Amino acid sequence: MTQLPHQSDQAMASPAALRALIESRRAVRRFTAEPVSDAVIRDCLELAMLAPSSCNLQPWSFQVIREPALLARLHRVCMGQNAARAPLIIVVLARPDTWSQACSRIIEYWPEAEVPPRIRHFYGKTALLQYNQGPLGLFGLLKRQLVRLVGLRRPLMRRPNSHADMRLWAVKSTALAAQNLMLAFQSHGYSSCPMEGFDEKRLRRMLDIPRRALPVMLLAVGRQGEKGVYNPRLRFPQDQHVTWL
Ligand SMILES: Cc1cc2nc3c(=O)[nH]c(=O)nc-3n(C[C@H](O)[C@H](O)[C@H](O)COP(=O)(O)O)c2cc1C
């Protein structure tokens, strides 16, 4: 079996370097026309996809838009907002619909010669029960009733047991990947703006987005333009948002 690196052996970013990177990211709404190279985009997507995901099922996908004609149409879909006038837009999709395929791919892509039996069992059996909601969500309904009963006696995971739960399930992991993506571009000297200000219906039609995929956000990316940051940074005091127990 391959020896897994111990955490202390791994390269660690210094707290100051991480802080500087996070602090330097702002929502930028004016970009220069300078294109972002495919090599940088690939590197950033790789880092995005190193985000943790529920059961490592990686329920995300990304559409990389660089074609000027498509970008111009996207700008309209984003209701003409300034941030959407960028040399690169990445559509970040949550994929509640890919878990079953991902279960098989975990076995297929397992990075060791032998797939451990516990992994085969989890992705071959447990996960199929855990994430399957059945036609019209009927299996999910059955699971919700079961969970109610069993939950009277012992703690257990109560979700995802509906298609709505599955959407939330996929969005959680995808949002983490989106944050990685923004920070990765930032580390390359590019700025970004996450956007949920878009017409979802028109976006779906324009990009042929799979029916069950969810556009979580569009990420505008480019070199920061003049007056690219509109407002000073504002965050609420920590003690209003944190409870220590
Ligand atoms: C999910 C999400 C959606 C957003 N949508 C938009 C948007 O459509 N247009 C925009 O200009 N900014 C958008 N923003 C950027 C926020 O307004 C911005 O992050 C916030 O004001 C804090 O500023 P900062 O990122 O510079 O710290 C969005 C941010 C997030 C996380």
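The values are calculated or read from the model by the stated rules, or taken from the named source; none is laboratory data. These numbers were taken from a predicted model, which means no experiment stands behind them. Because the Cβ atoms are built from the backbone with ideal geometry, glycine has one as well, and the counts that use them run over all protein chains shown. In case anyone asks, the SASA skips ligands and DNA or RNA and just uses the protein heavy atoms, side chains included. Shrake-Rupley method; radii C 1.70, N 1.55, O 1.52, S 1.80 Å.
See the values below:
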read-out	value
Accessible area in the full protein assembly, largest first, 1.4 Å probe, for Leu21, Leu203, Leu47	Leu47, Leu21, Leu203
Spatially proximal lysines relative to Lys125 (Cα-Cα < 20 Å; intrachain offsets below 8 disregarded)	Lys143
DSSP bridge pairs, the chain: antiparallel proportion in percent, nearest 5	95
Cα gyration tensor category, rounded, prolate or oblate, for segment 32-146 with a/c compared to 1.5	oblate
Three-way shape call for segment 27-225 based on the alpha-carbon gyration tensor, with the a/c threshold at 1.5	prolate
Val147/Arg66 FRET efficiency (R0 45 Å; Cβ-Cβ; nearest 0.05)	0.50
Global geometry of segment 101-200, whether rounded, prolate or oblate, following the gyration tensor of its Cα atoms and the 1.5 cut on a/c	oblate
Phi-based couplings in Hz for segment 39-48 (Karplus 6.51, -1.76, 1.60; Gly and Pro marked x)	4, 5, 4, 4, 4, 5, 5, 4, 5, 4
Nearest-10 value in Å² for the accessible area of Tyr230, using the 1.4 Å probe	90
Amide H contacts under 5 Å for Gly225, placed H, 5+ residues apart	Arg30, Phe31, Thr32
Neighbour-limited loop hits for GluC sites (Glu not before Pro), segment 133-234 (at most 15 other Cβ within 10 Å; DSSP other than H, G, I, E, B)	Glu196, Glu226
Estimated FRET transfer efficiency (Lys125, Gln81; beta-carbon r; R0 51 Å; 0.05)	0.65
